[in-house]
Structure formats: structure tokens, C-alpha cells
Amino acid sequence: MGQLTAQLLGGTQMSNTPLIQLEGVSKSFDKTMVLDDLNLSIQENEFMTLLGPSGCGKTTTLRIIGGFEKPDTGKFFFDGRDITNLAPNKRPLNTVFQKYALFSHMNIAENIAFGLKIKGKSKAYINDKIKYALKLVNLDGFEKRSVASLSGGQQQRIAIARAIVNEPKVLLLDEPLGALDLKLRQDMQYELIRLKNELGITFIYVTHDQEEALTMSDTIVVMNQGYIQQMGTPEDIYNEPENAFVADFIGDSNIIDGTMIRDELVEILGVRFACVDTGFGQNRPVDVVIRPEDVELLPQGEGTMEGVVTHLIFKGVHYEMEVTAGGFEWLVHSTVCHPVGTKVSIHVDPFNIQIMKKPESEDEEAVGVNE
């Protein structure tokens, strides 16, 4: 497997030396490779999200950064210092887990103060920090409340407050919103963005939820089978996916087998479409990716391919339709309703057609062929 490097340059501040750097990190469990020669650099004050399906290696990466797992090979540097073998409690970072890990026998103030007491901080210092943290997470006056009296969103805020009072340079968040309902998840997304901006610390966030990643991140790292498929800003990841896996995982996509006839001309389902891609050769098999919102439905005969609407769902901000054309079920998002049974013609602007090289093997597909 070839070496894969992710030099992440997002975030609001830059420095010559990355705050976090993983070099050649590999990790196996029961002879199953979870991470394979991973290289990853993260800048200070960046909100970086590791995104991917279950088993892709994102949580293992986070646990190696946190010190809860040791890599089989490779090194972990923090601010230029090798801390691969440093214990978790010695690292200048804190972790917020999905299960919150709050102590039910302690009130809120005692939960927040736990780490500070272990460090031997004074009572006055601890009290000041508790008030500061509760104000930061918008839970002023909750010091004496019990954990059981709090909602899921409030418990998550307390878990974050407990991490913040230790003044970590990095906050690790392992799917922290997974147990919340949709409205609370959305509220907490905005809270995390606000906290990151106010605290000025580095956030490393693990999720399989594409919406969370797109909403909050400076930089997204899409992972699959222990490899980084693509990294970049949310806009880059969504608008310019580098392979079919990323296109399929981030948002909805029409992914269709195609043939690159020549530069700027691709054949899809027997019909030729103009595109802007070059350098794929002539008559080469390719993957064609077209986002649902980029498919235009025109009256019969006015587009490139004829079809019929077979399904229709109202989604609030748009209609989601399926259109059978060329033997393929096209997914279409539009603010214009076309009832089921309507005969339509499909048009796609050349700039909205993404051409990708087809992987030639399973190994090539895992690594990503368009790096």
C-alpha cells in the first residue's frame, strides 16, 4: 500500500510547525489492519473532522492522539515533540465521549471540578473555573444540580465544561452528539462552533454524520478502510469529490458508469454529454458523478436525455424526485414540482459533471485513486 499524506492547511491560524503530526502510523486489532501508514498534520486553532463509516479508522486515530491506543508503527508529535509513549493524563488535551461519562453520584460542580482536584488546584481557583465554564456553556447557576436532572443536551454541555476547565490545547470529541435528537444535535453544532471561536483551541471531531462535518469543520478528512480518501474544506469536499466513495458518502449523488470519449466529452448511458474534464484519455471507462441539485428537468425534447418522473417527495426546501432515463434511476432535487408520470428531458451543465478514474482493484479503491 502506498504512503498517504494529509497535510491539512485549514483553520483560522497558521504556524510553520503543525500542532499535531502523525507520521507513518499503523494499527491492527486481531490481525485486522485498521490504520495503514497514516500521515496527518493538524494546525493550531483548527476545527478538523474525521469523517467516515464505521470501521474506517477515525476513532482509532482519535484514540492514538488521545493516548488511549499506541500505534504498532509510527510516531505522534505534539507541537514538534514526540509524545508517542506519553500517558493520556500527561497530554495537553481532553476528550469528550458520546456517553458523556459524567459521575452520577456527584453534582454538576463536583463533576466539573474532578480533574482540577486531581491536579491539586486551590478551592478558589476551582470555584472560579466552575463559574467560568458554566457561563461558557450557557448553564450558569447549575452548580448544585444533579446529573439526573439534566437533559441530554445539558449533560453534553457539562461534559464539555469539564474538559474546558483543564485548559487543554486540543479538545477531542468522539461522536459527542450521537445520542441526541435532531433538534438538540443542531443546537449543539452551533454551540461547538461558538465555543471553538471563543476558546481559540484546536478541535478534533469524529463523526459518521456528513451534516455535522459540513456544518462545523474548517477541514474535513474523509476516511475509509484505514486510509484518507480526501481532505479539504467542506466546500471542496462537497463540490469537488476526488473519488466515487467521497461523492457517495458526502451528500446524495448520481454515480453512473461512463466512457470518456475524449477530452470534454463523456458518454453516459449511451448518450454523449459535454463536460470540462480532460486528461482521461480516449474511450476510457470512468465514474461519472452528478449531484441531484445539478440535474435540470426540461420539457420533452429540450434536454440531452429523455425520461419520466417515477417518484416524488416534498422535502420542505425542495422536491426530491426519481426520474427513469436511460435505464437509470436519476435522483433529482428541484424547487419545481414535476408530478409522477411527467415526461421530462434531462440537462446537466458541463461544469456540474464530475469525471473520476475507475479503481482497477479493491486495494486501489480502498486507498483512493484520485489523490
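Things to note:
- Estimated purely from DSSP H runs of n ≥ 4, each contributing -39500 (n - 2.57), the mean residue ellipticity at 222 nm for the chain is -7000 deg cm²/dmol once divided by its residues.
- Solvent-accessible area of GLU293 with every protein chain in place, 1.4 Å probe, in Å² to the nearest 10: 80 Å²
- Our coupling estimate for the stretch 187-199, obtained by passing each phi through the Karplus curve with A = 6.51, B = -1.76, C = 1.60 and θ = phi - 60°, is 4, 5, 4, 5, 4, 5, 4, 4, 4, 4, 5, 6, 7 Hz, Gly and Pro reported as x.
- Apportionment of accessible area to carbon and sulfur, the stretch 92-162, percent (1.4 Å): 54 percent
- Heavy atoms of THR278 accessible to a 1.4 Å probe, total area in Å² rounded to 10: 70 Å²
- Choice from LEU171, LEU199, LEU134 with maximal GNM fluctuation in the chain (Cα, 10 Å cutoff): LEU199
- Cross-link reach list, aspartates and glutamates versus LYS119, counting only Cα pairs under 19 Å and skipping chain neighbours closer than eight places: GLU110, ASP128, GLU167
- Here the simple spin-label model places points 7 Å from the Cα toward Cβ, and for GLU235 and THR73 these points are separated by 3.9 nm.
- Lysines whose Cα lies under 21 Å from that of LYS75, excluding same-chain neighbours fewer than 8 positions away: LYS27, LYS31, LYS58, LYS90, LYS169
- Nearest-20 debye value, the chain charge dipole, Cβ charges on Lys, Arg, Asp, Glu: 2600 debye
- Projecting the Cα atoms of SER151, CYS337, SER41 onto the charge dipole of the chain (Cβ charges, centred on the Cα centre) puts SER151 farthest toward the positive pole.
- Dipole magnitude for the stretch 215-371: computed about the Cα centre from +1 point charges on Lys and Arg Cβ and -1 point charges on Asp and Glu Cβ, it is near 500 debye.
- Solvent-accessible area per residue for the stretch 206-281 (1.4 angstrom probe, square angstrom): 39 Å²
- Of the residues PHE114, LEU184, ILE160, the one whose Cα sits farthest toward the positive end of the charge dipole of the stretch 71-228, with +1 on the Cβ of Lys and Arg and -1 on the Cβ of Asp and Glu, is PHE114.
- Among GLY57, GLY341, GLY152: highest mean-square fluctuation, GNM of the chain, C-alpha pairs under 10 Å: GLY341
- Carbon and sulfur %, accessible surface of the stretch 179-310 computed with the full protein complex present, 1.4 Å: 44 percent
- Looking at the chain, the DSSP beta bridges with both ends there are about 70 percent antiparallel.
- Note: the stretch 254-371, Cα convex hull, 117 Å³ per residue.
- Label corresponding to Cα Rg over 2.2 N^0.38 Å when calculated from the structure given, among [x] 1.22; [y] 1.15; [z] 0.99: [y]
- Average Cα contact separation per residue, the chain, under 8 Å, 6 or more apart, as relative contact order %: 15 percent
- Farthest positive-ward along the stretch 263-356 dipole, Cα basis, beta-carbon charges - from VAL348, VAL317, GLY279: VAL317
The values are calculated or read from the model by the stated rules, or taken from the named source; none is laboratory data. Values in this document were obtained by computation on a predicted structure and should not be read as measured data. Counting neighbours? That spans all protein chains shown, and the Cβs are built from the backbone with ideal geometry, glycine included. Only protein heavy atoms, including side chains, enter the accessible area calculation; ligands, DNA and RNA are left aside. Shrake-Rupley method; radii C 1.70, N 1.55, O 1.52, S 1.80 Å.
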